[in-house]
Amino acid sequence: MAIDHPDGNTPPPPDRDRREEVLPCGRGVGTVYDHLTGGGLDDHELSCPHCRATAAGFAPVMQAARLLRDEPAEPPPGFVESVMARIHATRSRSWRLSLPAEHPLHLAITEHAAATVLAAAASEVAGVTVNRCHFPERDDPARLQINLTLGHRTPVSVIVERVRRAVRTAARRQLGLELHTIDVRVDDIHL
């Protein structure tokens, strides 16, 4: 026996999502949609004006979905070529940096990966934000350029020296590189 609410509607069964919109006849909108997409409306839904109106409301959406599903999706002309060109350009910009090793295997890392390790080391210095870090010349992997924004009241020369020390230590310990030049450029200072 169902207990009616004061407004005359019967509460949804416990297994129905309580957020589901319920039609005046007591049928859930989701149930009507499930029957509509799953093979057809049941006898109640075929005879109920509320369920028929709800099913009719879904018709434009279902028609659009059918059209999208039946129409093959093709990328615009040149799209795939454009994506591949960007991938190749990104890959070619990052050259391989040979790492010194004490064993016979040849070890290498991309310039981008090495610069990322060193930028992370510079970022550990208080008040430093790394804007850019890269090896400016392929012929000279012992030279690094790093651009910074400073946000600390410590003198610039002190912070720059701390950055050089942190980067040089990371290069030696994490990559096995000896950097002979670390060009530090301060792009901005935020006080």
Assess whether Ile146 counts as being assigned to a strand (DSSP E or B), at pLDDT 90 or above and either over 28 Å from Thr181 (Cβ atoms) or within 29 Å of the chain's Cα centre (by Cα) (or both).
-> yes
Out of all the residues in segment 115-131, is one or more assigned by TED's automatic domain parsing to the domain that holds Val163, touching an Asp or Glu at 6+ places or on another chain (Cβ under 6 Å) and either of a type in the set (A, V, I, L, M) or not in a loop (DSSP other than H, G, I, E, B) (or both)?
-> yes
Residue list for segment 128-139, restricted to those being in contact (Cβ under 8 Å) with a residue 40 or more places away in the chain and under 11 Å from Thr181 (Cβ atoms) | Pro136
Could you give every pair whose Cβ atoms fall below 7 Å, whose first residue belongs to segment 104-123 and is under 19 Å from Arg165 (Cβ atoms), and whose second residue is buried (at least 16 other Cβ atoms within 10 Å of the Cβ) and of a type in the set (Gly, Ala, Ser), counting only separations of at least 6 or pairs across chains?
-> Val117/Ala170; Leu118/Ala170; Leu118/Ala171; Ala121/Ala166; Ala121/Ala170; Ala122/Ala166
On the given criteria, is Pro24 surrounded by fewer than 10 Cβ atoms within 10 Å (Cβ to Cβ), modelled with pLDDT of 85 or more and either in contact with a Ser or Thr (Cβ under 9 Å, 6 or more places away or on another chain) or part of a loop (DSSP other than H, G, I, E, B) (or both)?
-> no
Tell me which of these His152 doesn't satisfy, since it passes every other one: (1) of a type outside the set (Gly, Ala, Ser); (2) farther than 21 Å from Leu107 by Cα; (3) assigned to a strand (DSSP E or B).
-> (3)
Kindly indicate whether Asp43 is surrounded by fewer than 10 Cβ atoms within 10 Å (Cβ to Cβ), modelled with pLDDT of 75 or more, not assigned by TED's automatic domain parsing to the domain that holds Leu118 and not small (Gly, Ala, Ser).
-> yes
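The values are calculated or read from the model by the stated rules, or taken from the named source; none is laboratory data. Just so we're clear, the structure is a prediction, and the values are computed from it rather than from any experiment. Please note: Cβ atoms are built from the backbone with ideal geometry, for glycine as well, and neighbour counts cover all protein chains shown.
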